[in-house]
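Since every read-out is calculated from the coordinates, none of them should be taken as a lab result. Only a predicted model underlies this, so the values are computations on that prediction, with no experimental measurement involved. Glycine gets a Cβ as well: all are built from the backbone with ideal geometry, and neighbour counts include every protein chain shown.
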Amino acid sequence: MSKSIIRLENIKRNFVVGEETVHALRGVSFNINEGEFVTIMGSSGSGKSTLLNLLGCLDTASEGEYFLDNIAVSSMDKNERSTLRNRKIGFVFQSYNLLAKTTALENVELPLLYNPAYGPKERREKSQKALESVGLADRMYHKSNQMSGGQMQRVAIARALVNDPVLLLADEATGNLDTRTAFEIMVLFQDLYKMGRTIIFVTHNPELAAFSSRNIVLRDGKVIKDIRNESIQSARSVLENLPVQED
């Protein structure tokens with residue numbers, strides 16, 4: 001039986017705005033097991049961003065319980081959540097969030113600086129392997145302004161992988177990329193899924209659901225759909241059939 005990586009039990013998140021209480025999440029419950037590739041979708045105002053912040057241990061619920069790798073997040077203080085986030089979650093953002101004047105290798109090393117288990121030599125070796133795993137062995141010493149958008153996103157994915165997290169959490173990770181580059185990144189995510197990685201891909205693009213193993217849809221702070229994909233489309237096949245772009 002697969003191990004549960006995420007368990008949400010009747011999660012509610014309320015925000016007080018002036019004299020009004022906004023109910024951003026209204027009792028969200030689901031489990032995500034090890035090795036699933038889940039897309040979470042919803043239009044603006046659906047609660048998608050609020051859920052992303054909770055899953056990423058950037059925020060806590062007003063009510064309900066969130067377990068990450070069987071650890072109860074709701075009872076933790078900010079420092080404990082920060083440590084959990086660093087050890088258990090790899091983040092991939094739409095805007096890459098790389099440090100501009102540092103090399104790809106230095107960017108990937110960053111999460112390991114906060115992990116006392118790794119010295120300088122181990123940090124360097126793990127970061128090199130992570131960059132090799134995303135096809136950037138020849139770009140390790142390039143800075144952000146020397147790389148394309150797709151290469152920068154690969155650096156971001158390598159950085160997310162370097163700490164061996166139990167969960168990859170991607171926020172609109174193909175949103176800033178052209179069609180061909182977006183599918184190149186989706187191929188990489190599918191390869192990671194085939195290797196057994198647990199991935200949550202938050203997006204507003206409904207077409208991406210076809211490439212994941214499961215799709216959760218939010219509306220007005222509630223889950224309205226939770227569907228398993230029995231026939232996952234191959235991003236590599238789509239990429240190979242895209243017309244070649246001419247300069």
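Overview of results
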| quantity | calculated |
| --- | --- |
| Residues with amide H under 5 Å from that of THR102, placed H, sequence gap 5 or more | SER144 |
| Kyte-Doolittle at least -1.0, axis length at least 27 Å by Cα - qualifying DSSP helices, the chain | none |
| Point-to-point label distance, ASN53-LYS194, nm (Cα→Cβ direction, 7 Å offset) | 3.8 nm |
| For the chain, convex hull volume per residue from C-alpha positions, Å³ | 149 Å³ |
| Sparsely packed GluC sites (Glu not before Pro) within segment 19-65, loop by DSSP, other Cβ within 10 Å at most 10 | GLU19 |
| Equivalent-ellipsoid semi-axes of segment 129-247, from the Cα gyration tensor, Å, largest first | 25, 18, 14 |
| Burial ordering of ASP178, ASP69, fewest other beta-carbon atoms within 10 Å first | ASP178, ASP69 |
| Whether segment 152-209 is rounded, prolate or oblate, judged on the alpha carbon gyration tensor where a/c under 1.5 counts as rounded | prolate |
| Over the chain: helical MRE at 222 nm, DSSP H runs n ≥ 4 each giving -39500 (n - 2.57), nearest 500 | -10000 deg cm²/dmol |
| Coil-residue chymotrypsin sites (Phe, Trp or Tyr not before Pro) of segment 47-154, DSSP, other Cβ within 10 Å capped at 13 | TYR114, TYR141 |
| Cross-link reach list, aspartates and glutamates versus LYS3, counting only Cα pairs under 14 Å and skipping chain neighbours closer than eight places | GLU34, GLU36, ASP69 |
| For ILE32, ILE40, ILE227, order by how many other beta-carbon atoms lie within 10 Å, fewest first | ILE227, ILE32, ILE40 |
| Built amide H within the under 5 Å cut-off of VAL22, gap 5+ | PHE15, VAL16, VAL17 |
| For LEU58, LEU242, LEU68, order by how many other beta-carbon atoms lie within 10 Å, fewest first | LEU242, LEU58, LEU68 |
| Scattering curve values for segment 1-121, log₁₀ I(q)/I(0), Debye with Cα scatterers, q = 0.17 Å⁻¹ | -1.01 |
| Alpha carbon centroid spacing (whole Å) that separates segment 184-228 from segment 62-93 | 21 Å |
